[in-house]
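Report on the following structure.
The values are calculated or read from the model by the stated rules, or taken from the named source; none is laboratory data. Since the model is a prediction, treat every value here as computed from it, not as a measurement. Every residue, glycine as well, gets a Cβ built from its backbone with ideal geometry; the counts of neighbours run over all protein chains shown. Heads up: the accessible areas ignore ligands, DNA and RNA and are worked out on the full protein's heavy atoms, side chains in. Shrake-Rupley method; radii C 1.70, N 1.55, O 1.52, S 1.80 Å.
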Amino acid sequence: MSGGRRGAVRWLKSTSNRTFIVWPAALWLTAALLQGGVPTLNLWGVPLLVWGYAQYRWAGAYRTRLGGGGPGLSNPPQRLVTEGIYALTRNPMYLGHLVFFLGLAVLYSGPAWVVFVAHVFWFDQRARDDEAGLEGLFGAAYAAYRQRVRRWVPGVF
């Protein structure tokens, strides 16, 4: 595989690139094809797009600053972060992705709702897998954190 092709594959493997670039473009194109031109947008989705992306960026920077490592778990934190937004939800970055997908569903409607629902299940499984790895990394401290803080929505689930 050539270097350019390898780089493109690596770029596409990035969840954030797919969430914030590929899916919005694909859904715009789908809506344009279904509507026969420039798609009609429900602008009530825009605040959700902004919120989701901002939460993803802010939570990643916060976790990296306090816990070390990188924003993704391919470069895991050296310290467990349990304060700030991480005191409210164990997965604020993934939750930011889901809020963004909700914004896309509101913005485009139709097939975008299927994409949103599919990602709810995908991110839930990914969070479960990541949490198992974090418990292996941080042991009892992570297990106690998991007992105190909900996976997604504070006080709900």
- prompt: Considering only VAL46, ASN75, TRP58, whose Cα is most displaced toward the positive end of the charge dipole of the chain, charges sitting on Cβ of Lys, Arg (+1) and Asp, Glu (-1)?
  reply: ASN75
task: Calculate the spin-label point distance for ARG146 paired with ARG6, positioning each point 7 Å from the Cα along the beta-carbon direction, and give it in nanometres.
output: 3.6 nm
message: Keeping every protein chain present and rolling a 1.4 Å probe, give me the accessible area per residue for the stretch 66-157 in Å².
response: 49 Å²
message: Rounded to the nearest percent, how much of the accessible area of the stretch 48-121 (1.4 Å probe, protein heavy atoms only) is carbon and sulfur?
response: 70 percent
- prompt: Mind checking the angle between helix 23-35 and the chain's longest principal axis? C-alpha axes, 0 to 90 degrees, to the nearest 10.
  reply: 30 degrees
field: the stretch 75-85 - phi-based ³J(HN,Hα) in whole Hz, Karplus 6.51/-1.76/1.60, Gly and Pro as x
entry: 10, x, x, 8, 10, 6, 9, 10, 10, x, 5
statement: Charge dipole of the chain built from unit charges on the beta carbon (Lys, Arg +1; Asp, Glu -1), centred at mean Cα; most positive-end Cα among SER14, LEU34, PHE100 is SER14
- request: Compute the distance in nm between two label points, each set 7 Å from the Cα along the Cα-to-Cβ direction, one at PHE157 and one at TRP58.
  value: 2.5 nm
query: Quick one: if you stick a label point 7 Å off each Cα along the C-beta vector at ARG79 and GLN35, how many nm between them?
result: 4.8 nm
task: Kindly give the semi-axes, whole Å and largest first, of the ellipsoid equivalent to the stretch 98-157, taking each as the square root of 5 times a Cα gyration tensor eigenvalue.
output: 30, 12, 7
- prompt: How large is the Kirkwood hydrodynamic radius of the chain, in angstrom, based on all distinct alpha carbon pairs?
  reply: 16.9 Å
- line: Ranking ALA141, ALA112, GLY155 by how far each Cα lies towards the positive end of the charge dipole of the chain (+1 on Lys and Arg Cβ, -1 on Asp and Glu Cβ), the top one is ALA141
message: Using the crude model of +1 on Lys and Arg Cβ and -1 on Asp and Glu Cβ, and no other charge, please compute the dipole size for the stretch 1-110 relative to its Cα centre, in debye to 20.
response: 460 debye
